[in-house]
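Trainee: There's a structure below that I have some questions on.
The values are calculated or read from the model by the stated rules, or taken from the named source; none is laboratory data. In this text, all values refer to a predicted model and were calculated from it rather than measured experimentally. Cβ placement follows ideal geometry from the backbone for every residue including glycine, while neighbour counts extend to all protein chains displayed. Surface areas here come from the heavy atoms of the whole protein model, side chains and all, with no ligands, DNA or RNA. Shrake-Rupley method; radii C 1.70, N 1.55, O 1.52, S 1.80 Å.
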Amino acid sequence: MVCPFALSAPLVFFLSIAYHKKSKEINGEMFTEEPTIEEIDQRFLGLALREAEIAGEKGEVPIGAVVVLENKVIGRGHNQNKTLQDPTAHAEMIAITAACNRIGSRYLEDATLYVTVEPCAMCAGALVLARLRRLVYGADDPKAGACGSLLNLVQEPRLNHQVQVTGGVREAECAGLISDFFEKIRREQK
């Protein structure tokens, strides 16, 4: 008599593949269920927040960025304007440069940049030139933001590339980091 619950070898193989397809690795973490894009954005923006904290500890404006390709960080950066005495040493520029160097290409067509504050015009231009697919940022920058607040350079239809934009991810944390930093500076100046 054959056991009615016995599984054939091909069926066991198929079921094991189906099970493994449900688990997914994101930046070294395994998920048993497919994470939503919102969950992925939250996690990677958390890494950008860590970079921003590093900048703040160095006395730099606390902005951090990471570039992600295929759910792996390929570039990271934080503001280093004072440290390097370089007005172009923004978190986004450093992260994009690191990512391009890592993959050996000037284009990041399938990559996403996660940054704590909406990029300025210089950084927005770099996103377009690097052909990033997507930008995810935390806090709006009403004074210098070039991805929707002051102007929208990354989605300008006259340019040869447009970037998908998602703003407001972990906004309170990102905005709080910036406002706390400048509040501390104002207190120290009194």
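Trainee: Provide a single number: the residues in the range 59-89 that are more than 26 Å from Gly104 (Cα to Cα) and touching a His at 6+ places or on another chain (Cβ under 8 Å).
Mentor: Summing the residues that are more than 26 Å from Gly104 (Cα to Cα) and touching a His at 6+ places or on another chain (Cβ under 8 Å) in the range 59-89 gives 2.
Trainee: Being touching an Asp or Glu at 6+ places or on another chain (Cβ under 8 Å), among the aliphatic types (A, V, I, L, M) and open to solvent by less than 10 Å² (accessible area, probe 1.4 Å) is the requirement here; does Leu127 meet it?
Mentor: yes
Trainee: Taking Gly138 as the residue in question, decide whether it is part of a strand (DSSP E or B), touching an Asp or Glu at 6+ places or on another chain (Cβ under 9 Å) and not basic (Lys, Arg).
Mentor: yes
Trainee: Let me ask another. Scan the range 143-167 for residues that are surrounded by fewer than 18 Cβ atoms within 10 Å (Cβ to Cβ) and either charged (D, E, K, R) or within 21 Å of Gly56 (Cα to Cα) (or both) and report the count.
Mentor: Selection size over the range 143-167: 4.
Trainee: Would you mind telling me which numbered condition in (1) out of contact with any Leu (no Cβ under 6 Å at 6 or more places or on another chain); (2) modelled with pLDDT of 95 or more; (3) closer than 22 Å to Ala55 by Cβ Leu159 fails?
Mentor: Looking at each condition in turn, Leu159 falls short on (3).
Trainee: Just to check your reading of the model, which residue among Val169, Val165 is part of a loop (DSSP other than H, G, I, E, B), touching a Leu at 6+ places or on another chain (Cβ under 6 Å) and within 15 Å of Val117 (Cα to Cα)?
Mentor: Val169
Trainee: Only one residue in Arg76, Arg102 is part of a strand (DSSP E or B) and open to solvent by 20 Å² or more (accessible area, probe 1.4 Å). Which one?
Mentor: Testing whether each residue is part of a strand (DSSP E or B) and open to solvent by 20 Å² or more (accessible area, probe 1.4 Å) leaves just Arg76.
Trainee: Do we have any residue at all in the range 170-179 that's more than 19 Å from Lys58 (Cβ to Cβ), open to solvent by 80 Å² or more (accessible area, probe 1.4 Å) and free of Cβ contacts under 8 Å to residues at least 24 places away in the same chain?
Mentor: Yes, the range 170-179 contains at least one residue that is more than 19 Å from Lys58 (Cβ to Cβ), open to solvent by 80 Å² or more (accessible area, probe 1.4 Å) and free of Cβ contacts under 8 Å to residues at least 24 places away in the same chain.
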